[in-house]
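Working notes, structure below.
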Amino acid sequence: MRLTEAQISHLAHRAIDAIRAAGVRVVNERVALGEAKELLARALGEDAGTHERVVRKIASLSRRVPEGSSEYEILYRQYFEEESRRGRR
């Protein structure tokens with residue numbers, strides 16, 4: 001899933017708000033927001049690449065698996081986990 005810069009910024013602000021609500025004092029909001037944005041962008045970017053590889057892998061099967069079917073969902077989860085494990089090595 002690809003998010004825009006504005007969406008990532010919104011999520012970063014929400015994360016900082018949640019951190020404050022938990023009682024943690026944020027000393028430098030600008031630095032904290034920058035770090036949160038970087039972490040979100042990196043994490044979501046890696047998931048987007050994994051998603052694309054999984055969709056291509058399912059599409060390359062010899063039989064057609066309809067998107068949204070229970071078989072598609074099972075294959076998607078299985079392949080996503082495999083691709084995620086490969087990425088962590």
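Conditions tested, residue by residue: (1) loosely packed, with under 11 Cβ neighbours inside 10 Å; (2) of a type outside the set (S, T, Y).
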{"position": "L3", "(1), (2)": "no, yes"}
{"position": "I16", "(1), (2)": "no, yes"}
{"position": "R20", "(1), (2)": "no, yes"}
{"position": "A32", "(1), (2)": "no, yes"}
{"position": "R42", "(1), (2)": "yes, yes"}
{"position": "G45", "(1), (2)": "no, yes"}
{"position": "S62", "(1), (2)": "yes, no"}
{"position": "G68", "(1), (2)": "yes, yes"}
{"position": "E81", "(1), (2)": "no, yes"}
- Is it true that L44 is in contact (Cβ under 8 Å) with a residue 12 or more places away in the chain and assigned to a loop (DSSP other than H, G, I, E, B)? no
- If only one of G68, G34, G45, G49 is out of contact with any strand residue (DSSP E or B) (no Cβ under 8 Å at 6 or more places or on another chain), modelled with pLDDT under 90, of a type outside the set (D, E) and on the phi > 0 side of the Ramachandran plot, which one is it? G68
- Taking segment 47-60 and keeping residues farther than 23 Å from T4 by Cα and surrounded by 12 or more Cβ atoms within 10 Å (Cβ to Cβ) leaves K57, I58
- Task: Please verify whether segment 20-31 includes one or more residues that are within 29 Å of F80 (Cβ to Cβ) and assigned to a helix (DSSP H, G or I).
- Result: no
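The values are calculated or read from the model by the stated rules, or taken from the named source; none is laboratory data. In this text the structure is predicted, and so the values were computed from the model without any measurement. For neighbour counting, all protein chains shown are included, and Cβ atoms are generated from backbone atoms with ideal geometry for every residue, glycine included.
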